Amino acid sequence: MRAGLRFSVLLGTLALSLSACAPLSPAIGDMTRAYSESIEIHERNQILKNILRSGDDMSMSFQTVPTIVGTGLLEGNASLSGMLAGSFLDGASASGSLKSSRSFNFTLASLDNEKFTSAFLRDIPLETINVFSSGDFDRQVLLTLVLQSITLNPGRPGAERLLNNAQDREAFGRFQATVANLVAAGLRTEVVQRLTPIGTDLSRDELLRHYYNAPLGQSPDVRVMQLGSAQTSPSFRLVRVSRATRFCLSTAQYETLTGLKLPAALNCRPAGLGWLASGSELLVGESLHPEAQGEVLNFNIRSTRDVYRFVGLLARVQDGVQAWQPRVRLSKPDAAQSAGDHPLIVVHKGAPPPGVRVLAVAEHMGSTYHVPYDEAGLSRRVFEYLSLLLSTSMVKDAIPTSPGILIR
């Protein structure tokens, strides 16, 4: 009875020991953490490498990982050890061992192809900027990156073009002051319905005879707009409706800040109102009346390639006899930065000192460069924007398919 009792207790201890090992089964997070961190570091270093290359007017090169295959293995065993002394398994104990392994295979593909390069060289669409500006992004930082220039009163006497020149302190300062006023006046992008007139005005009889029974009348993107009132023999105009993205702001607030009066067509639409049905109103920055047309602000938008080159030039002006750090003003604080002027990007020449956290490290022309993680101005934000802009160049078929087939 005594030996049987000890054997039962020992079995219970062994079962408890083995059950304690059960939660040690492989977790997906544990298996992929090392791989994910390696890829993240590679992407940041790749961005810095191309920033430096573009700043020296050298060709850029990007790589991506089109396929990933991972395997994981967990093996466990338990054993009994002890001496037979006087009674069955006196001094015996249960022991367990656990070993695991993981491996990842991936393919690295170059993005030096026509699909990616075409999107990379194309001007950034306003639709993309709208995605940025509608999120939790600082508009002055975003506009500093994506705008090549702003022209005030183009085609008119006193027209002024403000260049966003990373190598000219005075020009950069004037551009930043203008952008600060625009952001303070609520400059943003919005999606609206653009109305394009079709043909000439129609009377009521012409509208009934020639429009409603024609294929054009069945088109879902064609609308009829009434010009004038019902008491004065109104005419009608056909307009085609299409989605469009545009810049807008508060013209009254901008006039208060700068003294420059902008047309009411540049005002942002009230929430939920994309276009107006009255022909006497300005429609999406345009009007059915030609005399009301004309732009006062013109924004020249960069390509993703030019954004990289602009940041590259910002990095280069920090490394020279007359080194300086171009700064951007944040109008309001956030979790990472206080309000005020901050360097747009900080790039140090030389290997990072021991113990210093870094955002990215790259070798370029025989020298090491690094971007510190702390006390780096807006560098982390710039890297985030550059990464997202790069993702917008990943159009269909831009990422090559895997060159091989895995056989298991």
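The values are calculated or read from the model by the stated rules, or taken from the named source; none is laboratory data. Predicted, not measured: the structure shown is a model, and the values here were computed from it. So basically every Cβ, Gly included, is an ideal-geometry build from the backbone, and we count neighbours across all protein chains shown. Each accessible area value is taken on the protein alone, full model and side chains, heavy atoms only, with ligands, DNA and RNA left out. Shrake-Rupley method; radii C 1.70, N 1.55, O 1.52, S 1.80 Å.
Any residue at all in the stretch 46-65 that's open to solvent by less than 40 Å² (accessible area, probe 1.4 Å), at pLDDT 70 or above and either part of a strand (DSSP E or B) or more than 24 Å from residue 359 (Cβ to Cβ) (or both)? Yes, some residue in the stretch 46-65 is open to solvent by less than 40 Å² (accessible area, probe 1.4 Å), at pLDDT 70 or above and either part of a strand (DSSP E or B) or more than 24 Å from residue 359 (Cβ to Cβ) (or both).
Each row is one residue, and each column tells you yes or no for (1) part of a helix (DSSP H, G or I); (2) modelled with pLDDT of 85 or more; (3) under 22 Å from residue 387 (Cα atoms); (4) of a type in the set (S, T, N, Q).
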site: 120; (1), (2), (3), (4): yes, yes, yes, no
site: 144; (1), (2), (3), (4): yes, yes, yes, yes
site: 148; (1), (2), (3), (4): no, yes, yes, yes
site: 157; (1), (2), (3), (4): no, no, no, no
site: 162; (1), (2), (3), (4): no, yes, no, no
site: 175; (1), (2), (3), (4): yes, yes, no, no
site: 195; (1), (2), (3), (4): no, no, no, no
site: 201; (1), (2), (3), (4): no, no, no, no
site: 208; (1), (2), (3), (4): yes, no, no, no
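Out of the residues in the stretch 349-364 meeting the condition of being under 25 Å from the mean Cα position of the chain (by Cα) and part of a strand (DSSP E or B), tell me which one is surrounded by the fewest Cβ atoms within 10 Å (Cβ to Cβ). Within the stretch 349-364, the match that is surrounded by the fewest Cβ atoms within 10 Å (Cβ to Cβ) is 361. The set of residues in the stretch 184-198 being open to solvent by 30 Å² or more (accessible area, probe 1.4 Å), within 24 Å of the chain's Cα centre (by Cα) and of a type in the set (A, V, I, L, M, F, W, C) consists of 184, 191.
The residue that is modelled with the highest pLDDT, among those in the stretch 307-319 that are in a helix (DSSP H, G or I) and open to solvent by 50 Å² or more (accessible area, probe 1.4 Å), is 309. Per the listing 231, 322, the residue uniquely within 30 Å of residue 44 (Cα to Cα), more than 29 Å from the chain's Cα centre (by Cα) and modelled with pLDDT under 80 is 322. Evaluate the following for residue 149: is it among the small types (Gly, Ala, Ser) and surrounded by 13 or more Cβ atoms within 10 Å (Cβ to Cβ)? Yes: the conditions hold for residue 149.
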